[in-house]
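*Asks:* Pasting in a structure now, in structure tokens, and then I'll have a few things to ask.
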Amino acid sequence: LGFLTPFDYTEYKPVLDAVMQGRLKMGVRDRLECKVHNDLGQLECTHIVLNEVTVDRGSSPFLTNVCVSCNGRFVTRAQGDGLIIATPTGSTAYSLAAGGSMVHPDVPGILLTPICTQSLSFRPIIFPDSVTLKLEIPVEFPNTASVSFDGKDPITLKKGWSVTVSNSKWPIPILSRAGDDHDWFHGVMECLHWNTRK
């Protein structure tokens, strides 16, 4: 929707001049580090995401069943189409479409948003950005699930496999026209037409 691209391509020359002269404001956006482990606890892969990591049913016609823990403590067992773990930047992407809250990029948090859960009481939650979340496929669950990273690189999760998610040590720098606040609110109002009445 253009939240991270507040500059029009036709203005690239004056924008590059402003960059070189240090007249633009710079901010950082948090990213998530995601580690996939197999049922033996061996690391299969690591991904860094800007928006979200999604555990869903993939090509399976059956609901997913995912155990969620926070810093090693069991939080819940989710049954539904899946779960989204998002950054504040990703809160205006897939997480928002699934019913999650919009979160300002300066808020240090990690969002957990259910996708079409079977429980009507399971609502999105925002964790502090200092936590480590773990999504695990129960060993007794008869079906597989899938995990994707910013909508790409899907991997099949088998029984006992898990995805561990924590705040990345490497945020991404971004340039803004008038400060991150102005650009974010402008994007929310112009791109999403937030609370617009006509």
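*Asks:* In the set V107, V28, V75, V66, which member is touching a Pro at 6+ places or on another chain (Cβ under 9 Å) and under 22 Å from K134 (Cβ atoms)? Steps first, answer last, please.
*Replies:* Values: V107 fails: under 22 Å from K134 (Cβ atoms); V28 fails: under 22 Å from K134 (Cβ atoms); V75 fails: touching a Pro at 6+ places or on another chain (Cβ under 9 Å).
Just one listed residue meets the conditions, V66.
*Asks:* How many residues, within the range 84-102, are surrounded by 23 or more Cβ atoms within 10 Å (Cβ to Cβ) and part of a loop (DSSP other than H, G, I, E, B)?
*Replies:* Total satisfying the criteria: 3.
*Asks:* Would you pick out the residues in the range 49-75 that are modelled with pLDDT under 95 and open to solvent by 40 Å² or more (accessible area, probe 1.4 Å)?
*Replies:* R57, G58, S59, P61, F62, L63
*Asks:* Given the residues P173, P142, which is the only one that is at pLDDT below 95, part of a loop (DSSP other than H, G, I, E, B) and open to solvent by 70 Å² or more (accessible area, probe 1.4 Å)?
*Replies:* Of P173, P142, the one residue that is at pLDDT below 95, part of a loop (DSSP other than H, G, I, E, B) and open to solvent by 70 Å² or more (accessible area, probe 1.4 Å) is P142.
*Asks:* Would you be able to say whether some residue in the range 185-193 is assigned to a loop (DSSP other than H, G, I, E, B), without any contact (Cβ under 8 Å) to a residue 24 or more places away in the chain and not polar (S, T, N, Q)?
*Replies:* If we filter the range 185-193 for residues that are assigned to a loop (DSSP other than H, G, I, E, B), which is where we start, we get 192-193.
If we keep only those that are without any contact (Cβ under 8 Å) to a residue 24 or more places away in the chain as well, we get 193.
Still in the list and also not polar (S, T, N, Q): 193.
Within the range 185-193, one or more residues are assigned to a loop (DSSP other than H, G, I, E, B), without any contact (Cβ under 8 Å) to a residue 24 or more places away in the chain and not polar (S, T, N, Q).
*Asks:* Please go through the range 79-97 and give me each residue that is among the aliphatic types (A, V, I, L, M) and modelled with pLDDT under 95, ordered by number.
*Replies:* Once the filter is applied, which keeps residues that are among the aliphatic types (A, V, I, L, M) and modelled with pLDDT under 95, the range 79-97 yields A93, L96, A97.
*Asks:* Within the range 25-48, can one find any residue that is in contact with a Cys (Cβ under 6 Å, 6 or more places away or on another chain), buried (at least 17 other Cβ atoms within 10 Å of the Cβ), among the aliphatic types (A, V, I, L, M) and at pLDDT 90 or above?
*Replies:* yes
*Asks:* Take S59 and tell me if it is more than 28 Å from K169 (Cβ to Cβ), free of Cβ contacts under 8 Å to residues at least 12 places away in the same chain, assigned to a loop (DSSP other than H, G, I, E, B) and not β-branched (V, I, T).
*Replies:* So S59 fails the test.
*Asks:* Here's something else I'd like to know. State whether the residues of the range 19-26 include one that is within 23 Å of the chain's Cα centre (by Cα) and either within 25 Å of P108 (Cα to Cα) or in a loop (DSSP other than H, G, I, E, B) (or both).
*Replies:* Yes, some residue in the range 19-26 is within 23 Å of the chain's Cα centre (by Cα) and either within 25 Å of P108 (Cα to Cα) or in a loop (DSSP other than H, G, I, E, B) (or both).
*Asks:* Of the numbered conditions (1) open to solvent by 90 Å² or more (accessible area, probe 1.4 Å); (2) part of a strand (DSSP E or B), S130 satisfies every one except a single condition; which is it?
*Replies:* Unmet condition: (2).
*Asks:* Kindly list, by first and then second residue, each pair from a residue in the range 75-96 that is in contact (Cβ under 8 Å) with a residue 24 or more places away in the chain and closer than 16 Å to T164 by Cα to a residue that is part of a helix (DSSP H, G or I) and of a type outside the set (K, R), limited to pairs with Cβ atoms under 7 Å and residues at least 6 apart or on different chains.
*Replies:* I84/Y94; I84/S95; A86/S95
*Asks:* So I115 passes all but one of these: (1) touching a helix residue (DSSP H, G or I) at 6+ places or on another chain (Cβ under 9 Å); (2) farther than 30 Å from M26 by Cα; (3) open to solvent by less than 10 Å² (accessible area, probe 1.4 Å). Which condition number does it fail?
*Replies:* Just one mismatch for I115, condition (3).
*Asks:* Counting only residues that are under 14 Å from F62 (Cβ atoms) and not hydroxyl-bearing (S, T, Y), which one in the range 145-157 is surrounded by the fewest Cβ atoms within 10 Å (Cβ to Cβ)?
*Replies:* A145
The values are calculated or read from the model by the stated rules, or taken from the named source; none is laboratory data. Everything numeric here is computed off the predicted structure, so don't read it as measured data. Positions of Cβ are backbone-derived with ideal geometry, glycine not excepted, and every protein chain shown enters the neighbour counts. Only protein heavy atoms, including side chains, enter the accessible area calculation; ligands, DNA and RNA are left aside. Shrake-Rupley method; radii C 1.70, N 1.55, O 1.52, S 1.80 Å.
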